[in-house]
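The values are calculated or read from the model by the stated rules, or taken from the named source; none is laboratory data. Computed from a predicted structure; not experimentally measured. Neighbour counts run over all protein chains shown; Cβ positions are idealised from the backbone, glycine included.
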Amino acid sequence: MTAKPFPSVYKIAFLGSGRMATALARGFVKSGQVLPQQISTADTSPASLQSFSAQLPGCALYESGRSLPDDVDLLVLAVKPQFAAVAVPPLKAVISKAKVLSVMAGIRLQKLEQWLDTDQLIRCMPNTPSLVNAGAIGMAAHPSVRAGDLELIESLLQSVGQVTRTTEPQLDAVTGLSGSGPAYVFSFIRALITGGVRAGLSPQAAQELALQTVYGAVELLRQSQQTPEELIAQVSSPGGTTLRGLEVLAAGDFERTVADCVVAAAKRAEELGSADA
């Protein structure tokens, strides 16, 4: 999908101006699809508003969601989920024609529809690499959202990462895999660094090698069109060093443990959503 500039009259409002809201807005603008002047944000934190504005000069700032313009085309809900029940319902007056994009974890479409009295709702789950335009983003929409509107919003989200469309129930699995997954990858990288230091490297050298090794492995997997199993076999010579290390991972049930992490996080996301329902 080729991103096209939005009409100059297209207005985007954010509820919340934290790191994810700022990353999304910055990505929207850098993609060339919208200008800062088309963006507004509301937040009770003056420091967050100042930080948002510093990266998007020309945007409009409001100290309350109730003060947002009532003619926005896209309303992005980017407050912490625990504040949603108080912060979101008053926005009903803002969304006379708006599509609503929620990045709040665990808040179901059904709940948003009750609060806002609209079915023009999309949920997405961006992960923290979206802060550097390398996100993995799951997206699910209410059946009433038109295909054209969904494509426009998807094109905006693609400015900060790769978008995968799912059903809403699958967003819990997205949370477990890509939402929580960076922490598992960081843990693995930390373990590589620790092992490198124990084997005799300096911390700096171990970190440089670990980061490039993980990056290179991902790129090889992307570009080779081979499966992980095939690439593992290529680097695992009989009696060699890699096989000895893989035997240690197998003894610790490494792959099952990682898979269990994803499932556990997905189940927790489901529990949080059910508690909110």
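Condition check ((1) in contact with a Phe, Trp or Tyr (Cβ under 9 Å, 6 or more places away or on another chain); (2) free of Cβ contacts under 8 Å to residues at least 40 places away in the same chain; (3) not in a helix (DSSP H, G or I)) across all residues:
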| position | (1), (2), (3) |
| --- | --- |
| ALA47 | no, yes, no |
| GLN50 | no, yes, no |
| SER53 | no, yes, no |
| PRO57 | no, yes, yes |
| ARG66 | no, yes, no |
| VAL76 | yes, no, yes |
| VAL79 | no, no, yes |
| ALA84 | yes, yes, no |
| LYS92 | yes, yes, no |
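Might you check whether a residue that is surrounded by 13 or more Cβ atoms within 10 Å (Cβ to Cβ), among the small types (Gly, Ala, Ser), outside the structural domain of ALA85 (by TED's automatic domain parsing) and assigned to a helix (DSSP H, G or I) occurs anywhere in region 251-258? Scanning region 251-258 turns up no residue that is surrounded by 13 or more Cβ atoms within 10 Å (Cβ to Cβ), among the small types (Gly, Ala, Ser), outside the structural domain of ALA85 (by TED's automatic domain parsing) and assigned to a helix (DSSP H, G or I). Only one entry of SER144, SER187 meets the criterion of being surrounded by fewer than 21 Cβ atoms within 10 Å (Cβ to Cβ) and touching a residue at least 24 places away in the same chain (Cβ under 8 Å), and that entry is SER144.
The listed residues are GLY176, GLY148, and the only one of them that is assigned to a helix (DSSP H, G or I) and under 19 Å from GLY106 (Cα atoms) turns out to be GLY176. Is it true that some residue in region 203-214 is out of contact with any helix residue (DSSP H, G or I) (no Cβ under 9 Å at 6 or more places or on another chain) and of a type in the set (S, T, N, Q)? Checked region 203-214: at least one residue is out of contact with any helix residue (DSSP H, G or I) (no Cβ under 9 Å at 6 or more places or on another chain) and of a type in the set (S, T, N, Q).
Mind checking whether some residue in region 195-216 is among the β-branched types (Val, Ile, Thr), surrounded by fewer than 13 Cβ atoms within 10 Å (Cβ to Cβ) and not assigned by TED's automatic domain parsing to the domain that holds GLY135? Scanning region 195-216, I find no residue that is among the β-branched types (Val, Ile, Thr), surrounded by fewer than 13 Cβ atoms within 10 Å (Cβ to Cβ) and not assigned by TED's automatic domain parsing to the domain that holds GLY135, so the answer is no. Residues of region 198-240 that are within 21 Å of GLU255 (Cα to Cα), at pLDDT 95 or above and assigned to a loop (DSSP other than H, G, I, E, B): GLN226, THR227.
If the condition is being small (Gly, Ala, Ser) and within 25 Å of the chain's Cα centre (by Cα), then region 189-227 contributes ALA191, ALA210, GLY216, ALA217.
Based on this model, can you work out whether VAL34 counts as out of contact with any Ser or Thr (no Cβ under 6 Å at 6 or more places or on another chain), within 25 Å of ASP117 (Cα to Cα) and surrounded by 21 or more Cβ atoms within 10 Å (Cβ to Cβ)? No.
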